[in-house]
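Just below is one structure, and these are the notes that go with it.
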Amino acid sequence: MTTRPPMIEFQDVHKYYGDYHALRGITATIRAGEFFSLLGPSGCGKTTLLRTIAGFEGISSGAVMIDGKHMAHVPANKRPTNMVFQSYAIFPHLSVAENVGFGLRRDPRSAAEKIRAVDEALEMVGLKGYGNRAAHALSGGQRQRVALARALILKPKVLLLDEPLSALDKKMREQMQVELIKLQRQVGITFVLVTHDQEEALVMSDRIAVMFEGEIAQLDDPETLYRRPNSRRVADFIGVMNFLPAKVTGESNGHISIEAGGLGQVDIEAAQAPGKISGGEAWVGFRPETLTILYEGQTAMDRETPGTVEEVVYYGDMTYYDVRLDGVDRPVRISMRNVFGRPVLDIGTRTRVAWSPGALVLFR
Amino acid sequence: MKFPALRAYALFYLLFLYAPILLLPIFAFNDGTIIAFPLKDFTTKWFEQMFTTPALAQAVKNSLIIAVSSSILATTLGIFAARASTRFAFPGKAGIVGLIMLPLVLPEIIVAVSLLVVLLGLGIKLTTFTVILGHVLICTPYAIAILNTAFSSLDRSLEEAAYDLGETKWSTFRLITLPLVMPGIISSVLISFTISLDEFIIAFFLAGSEPTLPTYIFSQLRFPKQIPMIMALGTVLVLMSVILLTIAEYFRRRGIAKTGGTDTGGFL
């Protein structure tokens, strides 16, 4: 992605609720046209941060800027942002068309033009012809679409989405994820999504800010976040990661030598330690899919360690194995894609596991 | 019904509750001044007498003025208080709300006497206006109790959504909040109206020389020949109450249907 101009800038934003420090110095830039996600467990401040963009929440110190303008004295109804609420907040006493056209009440356009705008917005979200329905008679997914159309009809610079998919069932959620991505590409508006679902964030976002306790722990694109998390906490929050205790034994021009918990001496690149490493005790992490169980006749491309299968969890397309590698004091999780004709291993099977030092991540 | 005893109990209970009310129309149409069986001839003269008694007409007028004013005033105050107590946190909130709700449990006679002392002390003449003040005081807690439910079941993000879409705080209240709590408001007005209409103690103490319907009825009970007319009046009042409550229930159900909620009871 080419570097786009900034749309939202947080400058050392702090927020206190009484003694509670909800936002602890947020500094970040969200670029124009970006699909940006705020990801974190509940209570991490992600929704509060979103609401400071919308103007529902004031800030205690620092600055929030939208499109280069300070928002300190701009109330929510004057900001170039619109929001899709977690509960959708569909006005139950109005029809679908009245809901979608609600923001146009103060628009100087003629009634006929407004009706056309509402129809276009409904068509955009796939609800053409639903205008006269009562809003409360809609299904969850349809409400979601009405909320989207209602927020997008004002052509905001930023669309804010507060856990918009959390109320939908799994299938509907996955469908809406794809539709939201398409919609975002179509309208080109900056989307800021709040979610606690790491998978959702990975699927949808251009960049993700992972938040813990009112701070941004890491801000990166999904791939970097997944492959090179900068702390054990981020690594643990996003996907599954195996951790083994390690010792840093040497550092020299861009390389780090480590003794990785029973796997022996390994040389890795400095980039594989995204967090600060200061020698001595450390942890290595590796994702389940970076390990491969070797079958008869297969050989490792890189390193190979024998082990014993301790647990098997069958998922249909995938199987998760917990394997105790020889010399390692705890089982590691390995995910294998199931291939036709290759049997799922039984508990207790002796096997060989291939791994690569390049896939390791080093943490403090 | 598995328990015949419970069934008998329920029947007896209903009889005890409603039989006296059923006596009203029976004696209202009975051609005799003594309230006793056996019944005499059928007559409608008590109803005619009702409409030709100026003092009764004046009492009805007073009562209606008081009931309409105090139900609207109490509901208006209730809207402010309910909104404040469901939306905002402020110091001393529990204490303030508690004080407002206190008249609900305070013996009415105490409220009436203390109001009388204060009003006389201030040199305010006792009129229907002073009764309105007293009735607002006792109706407001009911109004708040009803409106609190209406306001607290309102999703806060609805108001935020309207504000976010460019409306002002006031137009948001008018376009979103008010229509959605309207069933609660109608309920509150009707309940307050009913409470005020049949309130006796405060009206008795504060009405001065302008009797309300209950104080008028009480004053006429001393005259045996007036009793059949009171029966006729009672019949009309029962009929009116039933109609009023039916209307209230209709609005409440329509409100729920309009917003797609599920009916969770109500007064009827």
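The values are calculated or read from the model by the stated rules, or taken from the named source; none is laboratory data. The shown structure was predicted, so the numbers you read here are calculated from the model rather than taken from an experiment. Note that we place each Cβ from the backbone using ideal geometry, even for glycine, and neighbour counts take in every protein chain shown. Surface areas here come from the heavy atoms of the whole protein model, side chains and all, with no ligands, DNA or RNA. Shrake-Rupley method; radii C 1.70, N 1.55, O 1.52, S 1.80 Å.
Give region A:57-67 a look and list any residue that's surrounded by fewer than 20 Cβ atoms within 10 Å (Cβ to Cβ) and either assigned to a loop (DSSP other than H, G, I, E, B) or within 14 Å of chain B (Cβ to nearest Cβ) (or both), or say none. Before you say what the answer is, go through the steps one by one.
The first filter runs over region A:57-67 and keeps only residues surrounded by fewer than 20 Cβ atoms within 10 Å (Cβ to Cβ), leaving A:57-58, A:60-63, A:65, A:67.
Listed by number, the residues that qualify are A:Glu57, A:Gly58, A:Ser60, A:Asp67.
Please count how many residues of region A:131-157 are assigned to a loop (DSSP other than H, G, I, E, B), more than 13 Å from chain B (Cβ to nearest Cβ) and open to solvent by less than 50 Å² (accessible area, probe 1.4 Å).
First pass over region A:131-157, keeping only residues assigned to a loop (DSSP other than H, G, I, E, B): A:131-133, A:138-139, A:153-157.
Checking the rest, the ones that are also more than 13 Å from chain B (Cβ to nearest Cβ) come to A:131-132, A:157.
Filter again for open to solvent by less than 50 Å² (accessible area, probe 1.4 Å), leaving A:131.
Residues flagged as assigned to a loop (DSSP other than H, G, I, E, B), more than 13 Å from chain B (Cβ to nearest Cβ) and open to solvent by less than 50 Å² (accessible area, probe 1.4 Å) within region A:131-157 amount to 1.
I need a count of the residues in region B:79-100 that are out of contact with any Ser or Thr (no Cβ under 6 Å at 6 or more places or on another chain) and either open to solvent by less than 70 Å² (accessible area, probe 1.4 Å) or of a type in the set (Gly, Ala, Ser) (or both).
Quick first cut of region B:79-100, residues out of contact with any Ser or Thr (no Cβ under 6 Å at 6 or more places or on another chain) only: B:79-85, B:87-96, B:98-100.
Right, trim to either open to solvent by less than 70 Å² (accessible area, probe 1.4 Å) or of a type in the set (Gly, Ala, Ser) (or both) and you get B:79, B:81-85, B:87, B:89, B:92-95, B:98, B:100.
The qualifying residues number 14.
Of the residues in region B:101-145, how many are open to solvent by 30 Å² or more (accessible area, probe 1.4 Å) and either part of a helix (DSSP H, G or I) or of a type in the set (Phe, Trp, Tyr) (or both)?
19
Is it the case that A:Tyr88 is modelled with pLDDT of 90 or more, away from chain B (no Cβ under 14 Å) and not in a helix (DSSP H, G or I)? Reasoning before the result, please.
Details: modelled with pLDDT of 90 or more: yes; away from chain B (no Cβ under 14 Å): no; not in a helix (DSSP H, G or I): yes.
When the stated conditions are applied, A:Tyr88 does not pass them.
Look through region B:146-169, keep the residues that are open to solvent by 50 Å² or more (accessible area, probe 1.4 Å) and either under 21 Å from B:Glu249 (Cβ atoms) or at pLDDT below 90 (or both), and return whichever of them is farthest from the other protein chains (Cβ to nearest Cβ).
B:Thr149
For region A:247-364, which strands (runs of 3 or more DSSP E) that fit wholly inside it have 2 or more residues that are open to solvent by less than 50 Å² (accessible area, probe 1.4 Å) and of a type in the set (Val, Ile, Thr)?
A:255-260, A:265-269, A:303-314, A:318-325, A:332-337, A:350-355
When you go through (1) in a helix (DSSP H, G or I); (2) within 14 Å of chain B (Cβ to nearest Cβ); (3) farther than 23 Å from A:Ile53 by Cα one by one for A:Ala112, which number turns out not to apply?
Failed condition: (2).
Looking only at region A:167-178, decide whether some residue is in a loop (DSSP other than H, G, I, E, B), open to solvent by 10 Å² or more (accessible area, probe 1.4 Å) and more than 13 Å from chain B (Cβ to nearest Cβ).
Yes, because at least one residue in region A:167-178 is in a loop (DSSP other than H, G, I, E, B), open to solvent by 10 Å² or more (accessible area, probe 1.4 Å) and more than 13 Å from chain B (Cβ to nearest Cβ).
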